[in-house]
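Read through the structure below, which is laid out as structure tokens, and then see the notes.
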Amino acid sequence: MRELKFRAWDTVKMEMSFDQGLCHAMIRNNDGFVIEQFTSITDKNGVEIYEGDKFERGGVVEFIGSGYYVKTFREYETLKSCARYEKVIGNIHE
């Protein structure tokens, strides 16, 4: 079974929270927070990949329809197909 984990970007304090209890509470009332879900996939260094993460060679992780994709300059690739070659360097909020 897939592990459900979240992180939340506080748009007021401009900081990320990985506190799962706090994130679950924010999902119910997310005023001032951007909630992002763990994809259950890791990058080439074993770093967990979340929605909104950016990769070293370009691209941002997005959830589209029923799956996770990496949006590059001109196209979308499935996250699974490129995650093992990529390195997370940050997220869209940083």
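Tabulated data
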{"read-out": "In the stretch 67-90, the residues that are surrounded by fewer than 12 Cβ atoms within 10 Å (Cβ to Cβ) and of a type in the set (F, W, Y)", "value": "F73, Y85"}
{"read-out": "Residues of the stretch 67-87 classified as more than 12 Å from T42 (Cα to Cα) and either among the hydrophobic types (A, V, I, L, M, F, W, C) or in contact (Cβ under 8 Å) with a residue 24 or more places away in the chain (or both), total", "value": "3"}
{"read-out": "Among the candidates F33, F63, F55, F38, residue that is aromatic (F, W, Y), buried (at least 16 other Cβ atoms within 10 Å of the Cβ), modelled with pLDDT of 90 or more and closer than 16 Å to F6 by Cβ", "value": "F38"}
{"read-out": "Count of residues meeting criterion [touching a helix residue (DSSP H, G or I) at 6+ places or on another chain (Cβ under 8 Å) and in a strand (DSSP E or B)] in the stretch 56-94", "value": "5"}
{"read-out": "Matching residues in the stretch 1-18 - criterion: being of a type outside the set (D, E) and either in a loop (DSSP other than H, G, I, E, B) or under 11 Å from E48 (Cβ atoms) (or both)", "value": "M1, R2, L4, K5, R7, T11, V12, K13, M14, F18"}
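The values are calculated or read from the model by the stated rules, or taken from the named source; none is laboratory data. Fair warning: this is a prediction, and the values are worked out from it, not measured in the lab. Quick reminder, even Gly has a Cβ in these numbers, built from the backbone with ideal geometry, and neighbours come from all protein chains shown.
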